[in-house]
Each structure stands twice: as C-alpha cells, then as structure tokens.
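Participant: One structure is given below, represented as structure tokens, and several questions about it will come after.
The values are calculated or read from the model by the stated rules, or taken from the named source; none is laboratory data. Values in this document were obtained by computation on a predicted structure and should not be read as measured data. Every residue, glycine as well, gets a Cβ built from its backbone with ideal geometry; the counts of neighbours run over all protein chains shown. Quick note on the areas: whole protein, heavy atoms, side chains included, nothing else; ligands and nucleic acids left out. Shrake-Rupley method; radii C 1.70, N 1.55, O 1.52, S 1.80 Å.
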Amino acid sequence: MILIGLTGGIGMGKTTAANLLLQRGLPVVDTDILARQVMEPGEPAFDEIRRAFGPEVLRPDGRVRRDELARQVFSNPARRQQLESIVHPRIRERWLAQVASWRGQKKPCAVVVIPLLFETNAAASFDAIVCVACSGAVQRDRLLGRGWTLEQIGQRLRAQWPIEKKMTLSHYVVWTEGGLDVLGGQFYRILARLAGLQPLSHCNPQRPLPVSSP
C-alpha cells in the first residue's frame, strides 16, 4: 500500500484536498477529526484535559470548549505543549490503527491528513508526503473569512513550522489558489507518478521530487 501524508499550513486547503481525494475513492483519515474524538467525554484525554486546564474549558453539556482551550494554549507555548503531550499520542494511535486496517484490507493507496506532520516527527511513516500551500496573503484572507483576528492568526502561525520549510521537506507540493479542477489535476499527476514509482523507499524528503505545478 502506498501511504500518503497530507500536510500544509492552516487555512491552506488541507480539508478541500482531503475531500477531493475522498470523492475520488481514496481512503482518508483526518487527524483534526481524530483530535475532536479523543477529547470527547469518556476518553482518557478528556479527563487529563479537565484536570490540567480546569472546569472553564468545559461547556455546560460537559464537552470541551475548543475555543476556550485554543485561547489558553495558543497564547501560552508551555500550555500548548502540555495539551499536545496529552492528545498527540492518542491521535497517533488512532491513525496508525486505521492504516493497519487499510493494509489488512489490501488498499492500494491511502491518505492521512496531519497538519503537524513534520512537527510531530511522523514523516518516516509515509511513502510520500504532499504539502498543500498558498500565498501568505491568500492564507490570511481565508482565515479572516473564518472570523479570526490577526492576533489569532499570528498565534496559530507561530505554533507551526513555516510553510516554506514544510514545502522543502515534502515530496510534492500542491498549490491551492486555483479551482477544484486545477487542484484535481495536480493530485492526478501525483497519484499517477506514485502508481509507477517502485520502490517508493528511495524517496528522500530532504530532496523532494519535482513540484507539481498548477
């Protein structure tokens, strides 16, 4: 099975790319969704978060207030690291279990979406890494369109590696400023290349394959 890691900066099109790949029949697991799951009541991470961050991060229905948790952790790097130490191991367990299931089903290709793929040292798990990217101006406009303030955007960006570093370490880069047809064309070329690339183990993230152009 060819296992693809999909990463990129916040607001740069990871979800759009993942949905496109799903529509084209590829199995996809998104670690942002797994992050929500591991923080549900009854999960071990939930109890640790409640103890570490206090009742103010809980909603009246007992679930985690993600906005309040984000406010705390993105304004305090130590608190962010504390949260990551709680949730990241659980998230990794889940996507690795999903990958094992796909391998058992003999899926030819699958995708794991990990925003912090490089930051969490997950690169070695993948046959190929695709980084979705756009210009900083487009990224800012997209995040402002979500209702974020410039301060919130700055906090999120400081919590991730610069997109230029992620692009350099990835095997492929997909530019997301075109329409869905353009995006789909880029992924088509990448998947076609991967299908004929044997063995994949020779790919070195330090020396990326040619960037797929829009």
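Participant: What angle, in degrees between 0 and 90 and rounded to the nearest 10, separates the Cα long axis of helix 136-145 from the longest principal axis of the Cα atoms of the chain?
Facilitator: Around 50 degrees separate the two axes.
Participant: Given labels modelled 7 Å from the Cα in the Cβ direction, how far is it in nm from R158 to K106?
Facilitator: It works out to 5.2 nm between the two label points.
Participant: Of the heavy-atom accessible surface of the chain (probe 1.4 angstrom), what whole percent is carbon and sulfur? List each step's numbers first, then the result.
Facilitator: Numbers: 5790 of 11040 Å².
Carbon and sulfur together cover 52 percent of it.
Participant: Follow-up question, since we're still on this one. What percentages, rounded to whole numbers, describe P(r) for region 81-181 computed over all alpha carbon pairs with 10 Å bin width beginning at zero?
Facilitator: Reading upward from the zero bin: 12, 36, 37, 14, 1.
Participant: Go ahead and collect, in residue order, the members of region 76-95 whose backbone nitrogen is under 13 Å from a label point 7 Å along the Cα-Cβ direction of R50.
Facilitator: Answer for this model: none.
Participant: Using a 1.4 angstrom probe, figure out how much accessible area region 81-120 has per residue, in square angstrom, rounded to the nearest whole. Could the numbers behind the result be given before it?
Facilitator: Values: 1980 Å² over 40 residues.
Counting only protein heavy atoms, the per-residue value for region 81-120 is 50 Å².
Participant: Roughly how much of T168 is accessible, in Å² to the nearest 10, using a 1.4 Å probe?
Facilitator: 80
Participant: If you don't mind, there's one more thing I want to ask. Net charge within 13 Å of P162 by Cβ-Cβ distance, Lys/Arg positive one each and Asp/Glu negative one each, not counting P162 itself? The partial results should precede the final answer.
Facilitator: Values: positive: R156, R158, K165, K166; negative: E119, E164.
Neighbourhood net charge equals +2.
Participant: Quick one: order K165, K107, K14 from most to least accessible surface, probe 1.4 Å. Don't skip to the answer; put the middle values down first.
Facilitator: Values: K165 95, K107 75, K14 20 Å².
So, going from the largest accessible area down, we get K165, K107, K14.
Participant: What is the distance in Å between the Cα centres of region 125-178 and region 95-121?
Facilitator: 21
Participant: Please list, or write none, the lysines whose alpha carbon is within less than 29 Å of the alpha carbon of K107, excluding same-chain residues fewer than 8 places away.
Facilitator: By straight Cα distance, K107 reaches K14, K166.
Participant: Using the Cβ atoms and a cut-off under 13 Å, what net charge is assigned to the surroundings of R146, where Lys and Arg are +1 and Asp and Glu are -1? Write out the running numbers ahead of the final one.
Facilitator: Details: positive: R140, R142, R156; negative: D67, D141.
Every neighbour counted, the sum reads +1.
Participant: How far is helix 44-53 tilted off the main Cα axis of the chain, in degrees rounded to 10, range 0 to 90?
Facilitator: It is inclined by approximately 50 degrees.
Participant: Right, next: Ordering R193, R158, R94 by how much accessible area each has at a 1.4 Å probe, largest first, what is the list? Could the numbers behind the result be given before it?
Facilitator: On the way: R193 105, R158 175, R94 80 Å².
Order by accessible area, largest first: R158, R193, R94.
Participant: Additional query: With N set to the number of residues, divide the alpha-carbon radius of gyration of the chain by 2.2 N^0.38 Å and report two decimals. Let's see the in-between values first.
Facilitator: Details: Rg = 17.8 Å, N = 214, 2.2 N^0.38 = 16.9 Å.
Working it through for the chain, the quotient is 1.05.
Participant: Continuing with the same structure: Just how much of D127 is accessible, in Å², when a 1.4 Å probe is used and the result is rounded to the nearest 10?
Facilitator: Accessible area of D127: about 50 Å².
Participant: Taking Rh as the Kirkwood radius, which is the inverse of the mean 1/r over Cα pairs, what is the Rg/Rh value for region 1-113? Walk me through the intermediate numbers first.
Facilitator: Working: Rg = 15.9 Å, Rh = 15.5 Å.
Radius of gyration over Kirkwood radius for region 1-113 works out to 1.03.
Participant: Taking 0.36 nm per residue of sequence separation and subtracting the Cα-Cα distance, how much length would be gained by fully extending the chain between R65 and A192, in nm to one decimal?
Facilitator: Details: separation 127, 0.36 × 127 = 45.72 nm, distance 4.22 nm.
Full extension from R65 to A192 adds 41.5 nm.
Participant: Give me the extension gain from E43 to A124: residue separation times 0.36 nm, minus the current Cα-Cα distance, reported in nm with one decimal.
Facilitator: Working: separation 81, 0.36 × 81 = 29.16 nm, distance 2.78 nm.
The E43-A124 span can extend by a further 26.4 nm.
Participant: While we're on this one: Between 0 and 90 degrees, rounded to the nearest ten: what's the tilt of helix 77-104 against the longest Cα principal axis of the chain?
Facilitator: With both axes taken from Cα atoms, the answer is about 40 degrees.
Participant: Could you state, as a whole-number percent, how many of the C-alpha pairs of region 51-110 are farther apart than 14 Å?
Facilitator: Working: 1175 of 1770 pairs.
Every Cα pair in region 51-110 considered, those over 14 Å come to 66 percent.
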